[in-house]
Structure formats: C-alpha cells, structure tokens
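Heads up: the structure comes next, in structure tokens.
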Amino acid sequence: MAAIDPDFQKNRPKAGDHEGHAVWGPEEKPAKLGIHGTWVAVDFDLCIADGACLDACPENVFTWLDTPGSPASAKKADPSKEDACIFCMACESVCPVVAIKITPK
C-alpha cells in the first residue's frame, strides 16, 4: 500500500495555495490533487474520506472538501485549519491509508 511521502516538501513542487494552506504537486484536477497542507499534510490522491481524522482531531483542523471525479473518493479531509493543530498525532495514527503526515513546526 502506498503512503504519503514523508519528504514531500523536498520531493514535490509547491503547486499553489488553497484556503490558507499550501498545495504540493503535481496537481492535475480532477485526476491528481496533490498534497494539501504543510505541517498537517493530507495526500488527496490517497485519502478515502472515511472520516477517522475528523473524528480523532480535538482541534477540528479538518473540514470536508467536495472533490468530484477525484481519485479514491469524491470528498477529502482538507486541513483547512492547520494553524490550530496541537501536533497530538491522533489524525495520523488513525488514517487507514496513511494519507496524513504531521510535521511539528
């Protein structure tokens, strides 16, 4: 099973910004959506939208983002409030597809 690249910031170009957080490429919508976030990073191409991270996060860092036609699921757990992260690692530990990488500031 593939997992989020732990060195994505070195291995991927920054493709832009979304809702106040970085998006790391490649980004070719809707087939490739890249990694959203920097210290709370979600690989949108792996995310299956099971909601475990939303349930586990005590700070409500994630919100649902509709991504019709995208890989794995039609919505993604967007780290829209990554500034609120307390680095407890709960989301990373419950993600069944290892699509989340937490990197403390």
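Quick look at the numbers
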read-out	value
Strands (runs of 3 or more DSSP E) enclosed by segment 9-52 - at least 2 residues per element that are over 25 Å from Val94 (Cβ atoms)	14-18
Residue among Gly16, Gly25 that is touching a Pro at 6+ places or on another chain (Cβ under 9 Å) and more than 18 Å from Leu54 (Cβ to Cβ)	Gly25
Condition check for Lys75: in contact (Cβ under 8 Å) with a residue 12 or more places away in the chain, of a type in the set (Lys, Arg) and touching an Asp or Glu at 6+ places or on another chain (Cβ under 6 Å)	yes
Every pair of residues 6+ apart whose Cβ atoms lie under 6 Å, when the first sits in segment 87-105 and is of a type in the set (D, E, K, R) and modelled with pLDDT of 95 or more while the second is surrounded by 14 or more Cβ atoms within 10 Å (Cβ to Cβ) and not in a loop (DSSP other than H, G, I, E, B)	Glu92/Ile100; Glu92/Ile102; Lys101/Ala41
Failed criterion for Asp50 (all others in (1) closer than 21 Å to Gln9 by Cβ; (2) among the charged types (D, E, K, R); (3) touching a residue at least 40 places away in the same chain (Cβ under 8 Å) hold)	(1)
Residues satisfying the stated conditions in segment 58-105, i.e. farther than 20 Å from Pro26 by Cα, β-branched (Val, Ile, Thr) and in a loop (DSSP other than H, G, I, E, B)	Val61, Ile86, Thr103
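The values are calculated or read from the model by the stated rules, or taken from the named source; none is laboratory data. Just so we're clear, the structure is a prediction, and the values are computed from it rather than from any experiment. Don't worry about glycine lacking a Cβ; one is built from the backbone with ideal geometry, like all the others, and counts go over all protein chains shown.
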